[in-house]
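The values are calculated or read from the model by the stated rules, or taken from the named source; none is laboratory data. The structure presented is a predicted model; accordingly, all values stated were derived computationally and were not measured. Cβ atoms come from the backbone with ideal geometry, glycine included; neighbour counts cover every protein chain shown.
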Ligand SMILES: Cc1cc2nc3c(=O)[nH]c(=O)nc-3n(C[C@H](O)[C@H](O)[C@H](O)COP(=O)(O)OP(=O)(O)OC[C@H]3O[C@@H](n4cnc5c(N)ncnc54)[C@H](O)[C@@H]3O)c2cc1C
């Protein structure tokens, strides 16, 4: 067992940090809490692409660098540490590319993969999975894609689709066998849909932070070329479960509000003994130390999951464990920070009284979504129980 990074990995981390420092000094972005996907800049993605940092784990024949997932985890840790604006390529890099490599047709691979690794214009993606009555239970999707000659005709509604309002393509899960008696796990398929297709309506949903970053998406007789089917017809559920591991395994599930944690530690360091009773300072020290313990456990789980992928193993239970633990930790950062800071925690960014640069108020408003997006904690624990521990379903 080797429990350390190699010199090459340390050098890679230093290289990424150097790049990010120079970008921040140039004013490209500054660390701030909020929604990960909000901050997207194709220009920034292009600079990452030039360094080979998009698709870096993909095989070389698909335009990737063939590097291990642990290297990618190092890259992502540094990017999330400062909340770099990676929204343009993030979903395509994290799960669209790997899914295409596994299941895509030659034509799909040749068209999308090189464009994604170059961060070309016109290849940003959104994920069209969840529906009003199918979130955790994705096998229950009601949107249909029915074959009609060389096309499929799509009808239905998706919801909570992050970035649907800016994405060029959508990765769609739809029912291709509408027979109600069909096996629900063998009657859905995956498609790549051009978001500008006639019949698609994207309607923003305003969340409680006042932002509209996710959407409702309506499909009305949308014609999708048959060549847009990814993998086998009616095998979409099996395919999507494999993709979910990539969605759940990453450090983004630990570090969505990392700048807040950094500021909280500094706040506790700076607590003035002449103004703050020792009992409060002692309690704050204890709480922040507990957070540090949990952050370290979460970080180890993430790297362990990356290492598991590098061993060629399927990380379903590890990825579920990782996301379930890490997102609860992130919410705890919000809880502890608001208890230490008190009612001013609610003052939003931009107000002179807003503490911790306004990151706390933003993080509190985004916090409830951490344990839902990409699979709720309850559902993830079911996966750990069934797939990880082999416990009985009933
Ligand atoms: C910020 C944000 C961004 C999102 N972005 C996207 C996106 O881009 N694309 C997309 O497709 N979706 C997206 N989603 C949707 C997300 O994937 C779903 O919210 C999630 O899968 C849960 O589904 P649901 O909301 O329908 O809740 P439900 O599935 O209805 O669950 C409701 C509650 O019941 C519990 N529950 C459900 N089933 C079980 C079970 N079997 N055992 C125990 N408890 C259970 C859940 O834990 C939850 O607490 C996003 C969500 C958020 C919050």
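Looking only at strands (runs of 3 or more DSSP E) that fall completely inside segment 146-235, which ones have 2 or more residues that are touching a strand residue (DSSP E or B) at 6+ places or on another chain (Cβ under 9 Å) and crowded, with 21+ Cβ neighbours inside 10 Å?
151-162, 169-175, 188-194, 214-225
Any residue in segment 198-217 that's free of Cβ contacts under 8 Å to residues at least 24 places away in the same chain and under 19 Å from residue 364 (Cβ atoms): show its pairings with residues that are part of a strand (DSSP E or B) and within 12 Å of the ligand (Cβ to nearest atom) at Cβ separation under 6 Å, as long as the two are six or more apart or on different chains.
As it stands, the answer is none, since no pair meets every condition given.
Can you spot a residue in segment 6-28 that is within 22 Å of residue 254 (Cα to Cα) and in a loop (DSSP other than H, G, I, E, B)?
no
Exactly one of (1) within 11 Å of the ligand (Cβ to nearest atom); (2) within 14 Å of residue 245 (Cα to Cα); (3) at pLDDT below 95 is unmet by residue 393. Its number?
Status for residue 393: all satisfied but (2).
Tell me yes or no: at least one residue of segment 30-37 is in contact with a strand residue (DSSP E or B) (Cβ under 9 Å, 6 or more places away or on another chain) and not in a helix (DSSP H, G or I).
yes
Looking at (1) away from the ligand (no atom under 16 Å from the Cβ); (2) over 20 Å from the mean Cα position of the chain (by Cα); (3) modelled with pLDDT under 95; (4) farther than 21 Å from residue 32 by Cβ, can you tell me which one residue 289 breaks?
(3)
Any residue that is out of contact with any helix residue (DSSP H, G or I) (no Cβ under 7 Å at 6 or more places or on another chain), crowded, with 16+ Cβ neighbours inside 10 Å and either closer than 30 Å to residue 3 by Cα or at pLDDT below 95 (or both) - is there at least one of those in segment 341-351?
Looking for residues that are out of contact with any helix residue (DSSP H, G or I) (no Cβ under 7 Å at 6 or more places or on another chain), crowded, with 16+ Cβ neighbours inside 10 Å and either closer than 30 Å to residue 3 by Cα or at pLDDT below 95 (or both), one finds none in segment 341-351, hence no.
Every residue, every condition in (1) surrounded by fewer than 24 Cβ atoms within 10 Å (Cβ to Cβ); (2) outside any helix (DSSP H, G or I); (3) modelled with pLDDT of 95 or more; (4) in contact with a strand residue (DSSP E or B) (Cβ under 9 Å, 6 or more places away or on another chain), yes or no:
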residue	(1), (2), (3), (4)
239	yes, no, no, yes
244	yes, no, no, no
248	no, no, no, no
255	no, yes, yes, no
262	yes, no, yes, no
266	yes, no, yes, no
275	yes, yes, no, no
279	yes, no, yes, no
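For segment 26-50, which positions are touching a helix residue (DSSP H, G or I) at 6+ places or on another chain (Cβ under 7 Å) and more than 25 Å from residue 331 (Cα to Cα)?
Across segment 26-50, the qualifying residues are 28, 49.
Might you check whether a residue that is assigned to a loop (DSSP other than H, G, I, E, B), surrounded by 11 or more Cβ atoms within 10 Å (Cβ to Cβ) and at pLDDT below 95 occurs anywhere in segment 39-46?
Yes: one or more hits.
Output the residues belonging to segment 106-124 that are part of a loop (DSSP other than H, G, I, E, B) and either without any contact (Cβ under 8 Å) to a residue 24 or more places away in the chain or in contact with a strand residue (DSSP E or B) (Cβ under 8 Å, 6 or more places away or on another chain) (or both).
120, 123, 124
Being at pLDDT 95 or above and more than 12 Å from the ligand (Cβ to nearest atom) is true for just one of 172, 229. Which residue is that?
Residue meeting the stated conditions: 229.
Determine if segment 77-93 includes at least one residue that is crowded, with 20+ Cβ neighbours inside 10 Å and free of Cβ contacts under 8 Å to residues at least 40 places away in the same chain.
Yes, segment 77-93 contains at least one residue that is crowded, with 20+ Cβ neighbours inside 10 Å and free of Cβ contacts under 8 Å to residues at least 40 places away in the same chain.
Only residues in segment 160-181 that are outside the structural domain of residue 204 (by TED's automatic domain parsing) and under 22 Å from residue 121 (Cβ atoms) count as the first member; pair them with residues that are within 12 Å of the ligand (Cβ to nearest atom) and part of a strand (DSSP E or B), Cβ under 7 angstrom, at least 6 apart or cross-chain, and list the lot.
none
How many residues does segment 136-157 hold that are without any contact (Cβ under 8 Å) to a residue 40 or more places away in the chain and within 10 Å of the ligand (Cβ to nearest atom)?
The number of residues fulfilling the criteria is 1.
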